[in-house]
1. Let me check against my output: what whole-number percent is the relative contact order of the range 1-94, with C-alpha pairs under 8 Å and at least 6 apart?
2. Cβ neighbours within 10 Å, averaged per peptide: list 6-18, 79-91, 29-41 in order, most packed at the top.
3. Between Met26 and Thr41, what is 0.36 nm times their sequence separation minus the Cα-Cα distance? Round to one decimal in nm.
4. Count the net charge of all other residues whose Cβ sits under 14 Å from the Cβ of Pro37, scoring Lys and Arg as +1 and Asp and Glu as -1.
5. Given 0.36 nm per residue, what is the gain on full extension from Asn3 to Phe33 after removing their alpha carbon distance, in nm?
6. Could you give me the ³J(HN,Hα) list for the range 78-83, computed from phi with Karplus coefficients 6.51, -1.76, 1.60 and θ = phi - 60°, whole Hz, x at Gly and Pro?
7. Just to confirm a number: summing +1 for Lys and Arg and -1 for Asp and Glu over residues other than Ala103 whose beta-carbon lies under 15 angstrom from that of Ala103, what do you get?
8. Taking the Cβ of Tyr75 as the center, what net charge do the other residues with Cβ under 11 Å away carry, scoring Lys and Arg +1 and Asp and Glu -1?
Amino acid sequence: MKNLSSWLIAMFAFMFWAFRVVAAVMYTIGKDFILPPMDMTMEIALLFITFICICFIAKRKLLPVIIYLIAHGLYYGIFLYQSIMAVVNGAGSLNNYIGLLVALIGVAIPVAAFFDVLLDKNRTAHPTDKKTDWFYKNEQYDRKMDERADRNQYRTM
């Protein structure tokens, strides 16, 4: 993750995850928060899936990002559609507009993460190879070899 956009997407994803954790905790306590979860069991499952997938966004893995996109698309996509239909039909209350905003953010972050990982040229151009990276990317090995070479000065006649 060398790009600023990658760091920002990961930070926004983590902040949105923390926001949904607070919303779930407030819902279980019984206090009103900005937007209560649609389905509490699905929300908790989604929180665990999201946390694991956010950790792999930093590692630039494509499969967890696809899982993250599908999970959020299914959960928040339905909520986004319901909110849009409520606003279009004229039942636009403050909760519907806030729900629309939260669902839009819940769908936009995974889409941005998906395209960020998909279009990352460094991921495909420089894949890691554990068989050879220990030799070519190990500075300690190079220093050790240089120090050994400096000490072995043989006299030749």
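Values quoted throughout were computed directly from the atomic coordinates according to the rules given, and no laboratory measurement underlies them. Values in this document were obtained by computation on a predicted structure and should not be read as measured data. Glycine gets a Cβ as well: all are built from the backbone with ideal geometry, and neighbour counts include every protein chain shown.
1. Relative contact order, the range 1-94: 23 percent.
2. Result, highest mean Cβ count within 10 Å first: 6-18, 79-91, 29-41.
3. 3.9 nm
4. Counting the neighbours of Pro37, the net charge comes to -1.
5. Working: separation 30, 0.36 × 30 = 10.80 nm, distance 3.43 nm.
My answer for the length gained is 7.4 nm.
6. The phi angles translate into 5, 5, 5, 4, 5, 5 Hz.
7. Numbers: positive: Arg20; negative: Asp39, Glu43.
Spelling it out: positives minus negatives among the neighbours equals -1.
8. -1
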